[in-house]
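The values are calculated or read from the model by the stated rules, or taken from the named source; none is laboratory data. Since the model is a prediction, treat every value here as computed from it, not as a measurement. Glycine gets a Cβ as well: all are built from the backbone with ideal geometry, and neighbour counts include every protein chain shown. The protein model used for the area step is the full one, side chains on, heavy atoms only, and it has no ligands, DNA or RNA in it. Shrake-Rupley method; radii C 1.70, N 1.55, O 1.52, S 1.80 Å.
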Amino acid sequence: MIYKRGRFYWYRFTFEGFEVRESTKQTNDKTARAMESAHRTRLAKLAKDKDEARDRLGCSQVETCHECERLFNAEKALRHGENTFCAPKCANQWGRARSMPTLAQFLADRFLPHVEVALKAKSKSVQYYRQGARMLERSNISGVRLDELTGEHVGRFASENDRLSASGINMGLRTLRRAVNLAYSWGVIEKPVKVALATGEVQRERVLSERETAQYLAHCPQPWRDAATIMLDEGARPGEVFVLRWECVSLAEDGSGFIKIMDGKSKAARRTLPTTPRVTDLLNARLKAQGSPTEGFVFPTNSKDGHLEVQTAKRQHLVALKSSQVKPFVPYVLRHTALTRLAAAARGDVFALAKIAGHSSIVITQKYVKPEAETVSAVFYRLTAENGEAEPRHKIRHIQPGAPPLVSEAAS
């Protein structure tokens, strides 16, 4: 029967000697009757399933496992408080799920403390992950358990922040990706969710021409002009140039020299780079102007950190762009330009280029290496010559719009 109590309808009936009474939280009597009927049906099906399980298992009493919801022999039940489990595996899984942190809890309790320590020397990276964590903690997926995160949740987070640029969305997504990968490596979850980044992020793939670089450097204020020159000639990262110290610079009387990069994003970032004549000259000039110090920053300032900082570099970069009228680009393009030119000089030696760039994986370096068709043909020619064979009958050449087929007969 159904009856009304306050605004809502309730139902009450007796099943196998037990009284069932529940609120439907509905104000419509037809909906309330349908809910009562559905409850009766569920109980009847459960009773039937229990009878079949008792016959199948040959026991007098069965119970439902709290974890897997399978009916099993009650004599073999494992009890934890008011919960029963059919096997130790289910009991362990239930306990693991109960202790599984939500995304917000994991970020606050484990991820951010880890970042603070592991990236202590990289304040910009710490700040980046802090901001990304704040984005995730404010999102609708913050309350989801780590082991329940799916690609759908990743997409939902991106949709929530669609008002931001791709770079802004990716700040949260990169933080999420690093957090779940750490949770996986620490054994918190069995498998990390795949986090795909938003497309359309501003890339640093522009390569400056010789004319652009000359025009740009001519209008750069100091000390950014010298710092930009080192990036253009040595392929160093901005942060590596800003913290460069005289202890890591060696200048010989014969005009040669080298710089040591002592810190970076990975072990591979620690490397030694020969200086170009232009970089050698500017370092000698700075050394003389500073009174030939044996230690300290190459680009000293009165800032808190004592060296050239990002904001100062950005301001001087904008001044140079405005004065030179070079098409705008981000400062990191200077490194990209250097590595693209060095890749051509390396003649496809991706391992040498990776060493110069300080990359931990040649996969990152490969985007700079773009062998020309003639280079590919020369490789095959050298191979056949070493084997004592005749020159290949075909040569690979560039394809231009409207040009004949790719492979043409070599002259006999």
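Please determine whether any residue of segment 241-250 is among the basic types (Lys, Arg) and either farther than 26 Å from Ala218 by Cα or open to solvent by 40 Å² or more (accessible area, probe 1.4 Å) (or both). Checked segment 241-250: at least one residue is among the basic types (Lys, Arg) and either farther than 26 Å from Ala218 by Cα or open to solvent by 40 Å² or more (accessible area, probe 1.4 Å) (or both). Residues in segment 269-304 that are open to solvent by 70 Å² or more (accessible area, probe 1.4 Å) and farther than 23 Å from Arg335 by Cα: Lys288, Ala289, Ser292, Thr294, Glu295, Asn302, Lys304. When the test is whether a residue is open to solvent by 70 Å² or more (accessible area, probe 1.4 Å) and either modelled with pLDDT of 90 or more or β-branched (Val, Ile, Thr) (or both), Thr14 passes it.
Within segment 179-195, at least one residue is without any contact (Cβ under 8 Å) to a residue 60 or more places away in the chain, assigned to a helix (DSSP H, G or I) and of a type in the set (A, V, I, L, M).
Asn140 - would you say it is of a type outside the set (Val, Ile, Thr), modelled with pLDDT of 90 or more, outside any strand (DSSP E or B) and more than 29 Å from Gln311 (Cβ to Cβ)? Yes; evaluated as a whole, the condition is true for this residue. Of all the listed residues (Val180, Val195, Val207), the sole one being among the hydrophobic types (A, V, I, L, M, F, W, C), surrounded by fewer than 20 Cβ atoms within 10 Å (Cβ to Cβ) and more than 26 Å from Arg270 (Cβ to Cβ) is Val207. Counting the residues of segment 146-165 that are surrounded by 15 or more Cβ atoms within 10 Å (Cβ to Cβ) and either in contact (Cβ under 8 Å) with a residue 24 or more places away in the chain or part of a loop (DSSP other than H, G, I, E, B) (or both) gives 8. Restricted to helices (runs of 4 or more DSSP H) entirely inside segment 297-360, those with at least 2 residues that are within 18 Å of Arg211 (Cα to Cα) and β-branched (Val, Ile, Thr) are 333-345.
Flag: Lys120 matches the condition of being free of Cβ contacts under 8 Å to residues at least 24 places away in the same chain, in a loop (DSSP other than H, G, I, E, B) and either of a type in the set (Gly, Ala, Ser) or open to solvent by 30 Å² or more (accessible area, probe 1.4 Å) (or both).
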